[in-house]
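Just so you know, all these numbers are worked out from the coordinates, no wet-lab data involved. A quick note: this is a predicted structure, and the numbers were derived from the prediction, not measured. Neighbour counts are summed over all protein chains in view; Cβ atoms, including those assigned to glycine, are modelled from backbone coordinates with ideal geometry.
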């Protein structure tokens, strides 16, 4: 019985054991589904982390300098999520790569973009990256924010940029990108901000830009874009900021611009636009910043501008716009800056000036505005600049302007103003420039003008001021330019003007001034231009550079000026005549006449003998003593050739004044134009001029550098000494900065190139010359610009050789008032030449 029962049970155990053998291996071989997924993900993340780490480390190794390597010192190992500038997502993959303003130097060519499939942000703003933007950047298929701005990238914007369809923000501004804006950029339909400004992009704005309907800010300014603005730009109805300034865009603005009713910033400055401004420009009433100056817009002021009550900055200057200034503009309580100058506007200044509390700059010059200057203008207490010049204003200058305590520039010249200059002028303690020229102002110049202690420029010329020049002008210790010409001023020149140590230009011509020029004027060491013609002055002129170098026209029509200047009689002869009496003249005249005739004959014979034996002492690149050579020409240039080319140093050929002479333009028979600097003859300064002459030759004859003016030849004879240089077309940096129009052409890129050029020149003098050369007079007057705005350092009259192993100590040299800034400038430029230029 038991055996029968045991058999089935034994079979059951065997079956159960067999099932366990089948199930247990399956159980261990196939874990739960969730466990399998977690294990696989961990393995995948580890693989991706290693791939991303390898790509980052490879790019780090490609960077150029030690600084870049030290900045990324935390980039070690295989876990990039803990590295500087790296942020990972929840899966451990790199999502954010941000290293802005870290001074990294290198390219992106070795960056493996395909290793970062989950990257959302790439921010390398303000580094020193260069080279082209690689086309394989398109592998960042998920990226939403790409910022490569403020670097040194060159080449074209890659066409593949259009494949980054997830982009919301694209910043490529402040680089050196060239070529066209690719039409493929129109595929970036999610883009909200597009900044391409400050590059060298050319061609037209692609019409495909109208596809980016989510754009809120578009900045294409400071490029070389041309053609007209495409009509499709009107499709960007979400735009709040549009800047197209500083390009070569032309034609009329398309009427579709009226669709951009959400604009708060519209900048069209400095293009070649024509036609009318959009009629509904400010239909939305949201404009805050509107700049359309320096174009060719014509027609009326859009009426919609009356609705722009939120305007903060408003520029329409240098166009041909018409309209009534008292009717076409509204009330702008937030307005800070307005420039409507150089248009054809008319009407009177009847604005409600009490509502302009925030106005800092008011520029309405060169229009046809009539009426009087409203006294209510004094309520604009925040005003810092007022320019109402070149209009048809009449009446008096309101004394209420004295309430403008922040005013530093007041320009009312070239109007029909009359009356006196109000004494309330003394309350303008911050005033730096006062120009009331070419009006009908009369009375005496109030002595209170001397209390405007910060004045740099004072121009009261071409009025009807009477009386004497107030001595209180001598209290204006910062004054650089003084013009009182064309008035009815009488009496002597006050000696206190000699205290103006920073005075550079002084014009007292066409008055009734009399007496001697004060002896104190010898202290006007910064004076470079002077005009005292058409007065009743007499006696010697001061023995300072500004007077000695002045042309004869600056002294003509006076009673009896003398001195060592062009066209003036020597003071010794003039004094001798005054002391002579008629008896002595009658007795000695025949004897002196005979003696003089004899001396003339002997002198002529001596001169003829001397010139026949040695006509001239001229050298040019160590040639014969009778001629000199201009580089690039085989024939020698005779001394007479230079005399003929300058019309015997005629004033009409004068183009400027150097450190110790006048510079003339001369065209040689070969057709080449050169600059000729003729040194001033001076008895007292004869040795100094000779030293300067020889010093400049010594310094320049062996120097060959693109940023240092070339010396072609030199000449020294009894009559005169001169140096011949290459002709630098645009003149001095000072002249270019002094002209508003030329300063506009000298944009920041060109100014940087000027600094680099001067730095290169100084670096050559200091480090590549043996012994080193120290210029000692770097100023804007001694930096010349050619047609390509390349800088050339000139005027080596005060330069010194820096002898090694010796003490170098010199007396004062340089341009007074420029010496301390010049010292800092030299140090700064040397620093640039040895540190920054190698990077650039």
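Here are a few things to note about the model shown:
- Legend: calculated FRET efficiency, residue 471 to residue 647, from the Cβ-Cβ distance at R0 = 35 Å, rounded to 0.05, equals 0.25.
- Added length on full extension, which subtracts the Cα-Cα distance from 0.36 nm per residue, residue 327 to residue 697: 126.7 nm
- The ranking of 796, 169, 478, 246 from fewest to most other beta carbons within 10 Å of each one's beta carbon is 478, 169, 246, 796.
- Label sites at residue 159 and residue 368, each approximated as a point 7 angstrom past Cα along Cα to Cβ, lie 5.4 nm apart.
- Percent of beta bridges antiparallel (DSSP, segment 315-428, rounded to nearest 5): 0 percent
- Put in order of Cβ neighbour count within 10 Å, fewest first, the listed residues 641, 165 become 165, 641.
- Segments 387-393, 201-207, 278-284 sorted - mean Cβ within 10 Å per residue, highest first: 387-393, 278-284, 201-207
- Taking a ≥ b ≥ c as the square roots of the eigenvalues of the Cα gyration tensor, segment 713-779 is classed as oblate, since a/c reaches at least 1.5 and a/b does not exceed b/c.
- Rounded, prolate or oblate (a/c below 1.5 giving rounded, otherwise prolate when a/b exceeds b/c) for segment 461-557 by Cα gyration tensor: rounded
- Efficiency of FRET between residue 717 and residue 569 - r from beta-carbon atoms, R0 35 angstrom, step 0.05: 0.90
- Förster radius 56 Å - calculated FRET efficiency between residue 96 and residue 741, Cβ distance, rounded to 0.05: 0.75
- Listing 198, 125 from fewest to most neighbouring C-beta atoms within 10 Å gives 125, 198.
- Stretchable slack from residue 78 to residue 673, in nm (0.36 nm times residue separation minus alpha-carbon distance): 207.5 nm
- Mean Cβ neighbour count within 10 Å, used as a protection proxy, ranking 154-160, 232-238 highest first: 232-238, 154-160
- Protection proxy ranking of 438-444, 72-78 - average other beta-carbon atoms within 10 Å, highest first: 438-444, 72-78
- Full-extension gain in nm, residue 276 to residue 136, via 0.36 nm per residue minus C-alpha separation: 46.0 nm
- Hypothetical label at residue 420: residues of segment 461-488 whose amide nitrogen lies under 19 Å (7 Å Cα-Cβ projection): 461, 463-473, 487-488
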